[in-house]
1. Restricting the search to region 336-358, which residues are open to solvent by 30 Å² or more (accessible area, probe 1.4 Å) and of a type in the set (S, T, N, Q)?
2. Between a first residue in region 430-443 that is of a type in the set (Asp, Glu) and a second residue that is open to solvent by less than 20 Å² (accessible area, probe 1.4 Å), which pairs have beta carbons less than 6 Å apart while being 6 or more apart in sequence or on different chains?
3. Step by step: first the residues of region 185-208, then only those that are of a type in the set (A, V, I, L, M, F, W, C), touching a helix residue (DSSP H, G or I) at 6+ places or on another chain (Cβ under 7 Å) and open to solvent by 20 Å² or more (accessible area, probe 1.4 Å), then the one that is farthest from LEU147 (Cα to Cα). Which residue is that?
4. Report yes if PHE31 is aromatic (Phe, Trp, Tyr), assigned to a helix (DSSP H, G or I) and open to solvent by less than 30 Å² (accessible area, probe 1.4 Å), otherwise no.
5. With respect to PRO54, determine if the residue is under 30 Å from LEU184 (Cα atoms) and assigned to a loop (DSSP other than H, G, I, E, B).
6. Looking only at region 169-181, decide whether some residue is of a type in the set (S, T, N, Q), open to solvent by less than 80 Å² (accessible area, probe 1.4 Å) and touching an Asp or Glu at 6+ places or on another chain (Cβ under 9 Å).
7. Among residues belonging to region 1-25 that are modelled with pLDDT of 95 or more and polar (S, T, N, Q), point out the one that is nearest to the chain's Cα centre (by Cα).
8. Inside region 394-449, can you point out the residues that are polar (S, T, N, Q) and either buried (at least 24 other Cβ atoms within 10 Å of the Cβ) or farther than 20 Å from LEU291 by Cβ (or both)?
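The values are calculated or read from the model by the stated rules, or taken from the named source; none is laboratory data. Not measured: the values here are computed from a predicted model. So basically every Cβ, Gly included, is an ideal-geometry build from the backbone, and we count neighbours across all protein chains shown. Just the protein is used for accessible areas: all its heavy atoms, side chains included, with ligands, DNA and RNA removed. Shrake-Rupley method; radii C 1.70, N 1.55, O 1.52, S 1.80 Å.
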Amino acid sequence: MTDASVAAPSAQDLEVTAELVEFIRQSPSMFHAVATARCMLDGAGFSYLPEGEPWRMGLGGAYYTVRNGSSLVAWRVGRRLDDYHFQIAAAHTDSPTFKVKAVPELAGPREYLRLDVEGYGGMIDSTWFDRPLGVAGRAIVRDGDRLESRLVNIQKDVLLIPNVAIHFNRRVNEGYAYNKQVDLCPLFSAGALHAGAFDAMVAEAAGVEPSQLVARDMYLANHQPASIWGWRDEFVSAPKLDDLQCAFAALKALVASGCEGHVSVCALFDNEEVGSGSMQGAKSTFLRDVLERISSALGKTADEYRRAVARSFLVSCDNAHAVHPNHPEKTDEVNAPQLNRGVVVKEAANQKYTTDAFSRAVFCELCRRAGVPVQAFANRSDSAGGSTLGNLSAAQVSLHAVDVGLPQLAMHSAYETAGTRDTAWGIRALSAFFETDVRLGDGESVALG
């Protein structure tokens, strides 16, 4: 394990952080995150292979596929695959927010018009108050005899969830339990709009008449611009750092990296924040389906595919909790990452994370060779932690895996904070992973070619 020197971010660190900020700006929903990823991949020469079409590919090629418009798997095929395997980095496209219900509007009291929303994931409710909001997602519209999906991003501030004045809630600063059905309904109008206005707004943004809007998946979107801040530019604050920071790092690494004797894979899953149990989540067959089809398209047998999976390795990338400046007691005394000190390896005895000694050693050795500092995270022994992608995807594709992340503060806030050095560390670590042939033996040895 190494430590990053205490230094201000470099010009390159800030350039990478600015790219991250733009990626997040273009990704106000999981659907937009995949669309933004597709633009990156298209620009890098990757070919799109729809799931419902035959796949043809060759050595040295680069490809991607999409499920539900909200999950994506991209891959590079090595130039020689006599004894192949897969090296996979996985992250997720979704973040905690609020989804607009099918019947969207609540009339009153008086002339007010509010939206009826429900929580998506485990957000910090208080951070959504008193900030102008937009909405983003997808609309399903009727176009002749076809139904088609269109992305919608209403960037104008059209909503706000107002706090109750302290005069009417004098104990709010002593701790208050918000009721999502009552307290977190966004204000949409004070009388200028009436029932039907929300769907009319979505239809206009989708470029159709209200009668053509058939259905929608729309979410509240915090359009507050990201900020690189601090006297020495140490910090970046933005919506959705969990987990678009890792998704961006994995994509950048895949685009920049070549591979020889393996297939490099970047998997971006939807619905991690709500358990991954959808057809496009980490618990679905999506990753397994893609890996099997890659193997088949390359002329490999079913037995060769299973042997390849047994030799494969997954890096599950989901952000990690940095030690809090005001509450260091919330984290373990020594397994507590800091901002701008490098990539975090996460471990839990209850197997909520996939990391074990073998996978930790492989990843840390790759980071050592690449000059990337590594930190450790473990939950306090008296505090339960959450799960992430690696142990859920293992139900479908069982392979050696390590859970890593980039350190951040205020996870699941509407506006989170990270360090401006760490995204570049993450890209460098994952680039080293993709560019090195990680050749597993029988689970007790590995060659790093």
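1. Of everything in region 336-358, those that are open to solvent by 30 Å² or more (accessible area, probe 1.4 Å) and of a type in the set (S, T, N, Q) turn out to be GLN338, ASN350, GLN351.
2. GLU435/SER257; ASP437/GLY261; ASP437/HIS262
3. Of everything passing the filter in region 185-208, PHE188 is farthest from LEU147 (Cα to Cα).
4. Considered against the rule, which asks whether it is aromatic (Phe, Trp, Tyr), assigned to a helix (DSSP H, G or I) and open to solvent by less than 30 Å² (accessible area, probe 1.4 Å), PHE31 comes out as yes.
5. No; evaluated as a whole, the condition is false for this residue.
6. No, because not a single residue in region 169-181 is of a type in the set (S, T, N, Q), open to solvent by less than 80 Å² (accessible area, probe 1.4 Å) and touching an Asp or Glu at 6+ places or on another chain (Cβ under 9 Å).
7. Only one residue fits best here, namely THR17.
8. GLN408, SER413, THR417, THR420, THR423, SER431, SER445
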